[in-house]
Amino acid sequence: MVKFHIAYLACTAAIIGAAFGAAPPVGADPMIHVVFPGESIQKVVDAAEPGDTVLLTAGTYRESVNVSTSGITLRGMGPSTVIEPGTKKDANRCAEEGNGICVVGTKDRNVEGVTVASLTVTGFASTGVFAQATDGLTVRNVTAVKNGVWGIAQERSVRGVFRKNTARDNGDAGLFLANTIKAEEGAANTEGAVVERNRLEGNRIGITVRRLRNLTVANNHLTGNCAGVFVVGDENKPRAGALTVRDNHIARNNKSCPKTARLDALQGSGIVLTGAEDTLVTRNLIMGNVGASRLSGGIVLFKSLVGTTSERNRITGNVLVGNAPADLVNTDTGEGNTFEGNSCQASMPAGLC
């Protein structure tokens, strides 16, 4: 029994050392809580305090996890740490809503400074990682695969960072950021949210930014989706926009997706702005996005579903090759939209290249 305990501690120390470079001194604060397959992640998360790390070893965990404590890190050992749906007897609110990991504050208090990193979430009916009412959430090196709606989603939050994630074959968007999902409201200020260096493949839409302002979508790789990037607004005030979409590689998003109650059929859309204002789209490489939808093309400006125009958007310095029906498509009648310095071959109407 003594030998087993010593071996267990040695194994735990080795795991911590591999994950963080070295084990912290005995009694150091904050603490690292190590979880092994078959143990409850939720129990350990509930016991963690701000600054603590909950470290999940490699293996499969069948449960949903709700995080409501500020300042904690939930971290795996990489893609081999897998979170899948659990049984009904283990269900919490996160599970009941069909999500894998939930980071959720309250109406009056955001959850602050939480990190979710280095793990896989797969097979959930709704969302792999879902966040609401957060401040400074970081989601990095997460693989979100084959979830029913979104791979990684956040609403009503500020200063989020989404970096180096992979979202593949999810039912709707790989990455979905919104003011609020259920209510019809004006755009919210994210106070500088960042979506960068993610890989989005095989989803309905790679990245959706819905009714938000003041964020950056940069250096992402999007391929094999029905559409690459959607910036979505409407008639509510303030308008969506005042954001930057730059330095993304958007290629062959030619999967075909049928029409829904909210959106036309999709195929071959690179970047779409609909009902947005004051957005900078620059230095993107957009290649081979081909389709017959009204939203098909390399970079597309399109009225929102309620007829709201896009205004004062700047499309500049992009490289577009082999997109159809055209590299640049502007069917919007909004004022102040400019197309300058783009390298492209065809546009609708003519003269935008």
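Restricting to region 135-151, count the residues that are touching a Lys or Arg at 6+ places or on another chain (Cβ under 7 Å), part of a strand (DSSP E or B) and under 18 Å from residue 196 (Cβ atoms).
Residues in region 135-151 being touching a Lys or Arg at 6+ places or on another chain (Cβ under 7 Å), part of a strand (DSSP E or B) and under 18 Å from residue 196 (Cβ atoms): 2 in total.
Residue 336 fulfils the conditions (1) out of contact with any Asp or Glu (no Cβ under 6 Å at 6 or more places or on another chain); (2) loosely packed, with under 14 Cβ neighbours inside 10 Å except for a single criterion, (1).
Identify, please: which residue in region 244-271 is of a type in the set (A, V, I, L, M, F, W, C) and buried (at least 24 other Cβ atoms within 10 Å of the Cβ) and is, among those, farthest from residue 284 (Cα to Cα)?
The residue in question is 266.
Based on what the data block shows, is residue 97 closer than 21 Å to residue 195 by Cα and free of Cβ contacts under 8 Å to residues at least 60 places away in the same chain? Judged against the criteria, residue 97 is not a match. Residue 273 meets each of the listed conditions (1) under 18 Å from residue 174 (Cα atoms); (2) free of Cβ contacts under 8 Å to residues at least 12 places away in the same chain apart from (2).
Every condition in (1) crowded, with 24+ Cβ neighbours inside 10 Å; (2) modelled with pLDDT of 95 or more holds for residue 187 except the one numbered (2).
Search region 203-230 for residues being among the small types (Gly, Ala, Ser) and either crowded, with 24+ Cβ neighbours inside 10 Å or at pLDDT below 95 (or both), and hand back the single one that is farthest from the chain's Cα centre (by Cα). Among residues in region 203-230 that are among the small types (Gly, Ala, Ser) and either crowded, with 24+ Cβ neighbours inside 10 Å or at pLDDT below 95 (or both), the one farthest from the chain's Cα centre (by Cα) is 227. Scanning region 297-334 for residues that are over 19 Å from residue 210 (Cα atoms) and under 22 Å from the mean Cα position of the chain (by Cα) yields a total of 1. Return the residues of region 198-251 that are acidic (Asp, Glu) and free of Cβ contacts under 8 Å to residues at least 40 places away in the same chain; say none if nothing qualifies. The answer is 201, 247. Of all residues in region 118-127, none satisfies being in contact with a Ser or Thr (Cβ under 9 Å, 6 or more places away or on another chain), surrounded by fewer than 16 Cβ atoms within 10 Å (Cβ to Cβ) and closer than 19 Å to residue 40 by Cβ. In the condition set (1) assigned to a loop (DSSP other than H, G, I, E, B); (2) touching a residue at least 12 places away in the same chain (Cβ under 8 Å); (3) not charged (D, E, K, R), residue 260 is compliant with all but (2).
Of the residues in region 194-202, none is surrounded by fewer than 24 Cβ atoms within 10 Å (Cβ to Cβ) and of a type in the set (S, T, N, Q). Within region 132-151, restricting attention to residues that are closer than 17 Å to residue 63 by Cα and free of Cβ contacts under 8 Å to residues at least 60 places away in the same chain, the residue that is nearest to the chain's Cα centre (by Cα) is 151.
The values are calculated or read from the model by the stated rules, or taken from the named source; none is laboratory data. Just so it is clear, the structure is predicted and the values come from calculations on it, not from any experiment. Glycine also receives a Cβ, built like all others from the backbone with ideal geometry; neighbour counts cover every protein chain displayed.
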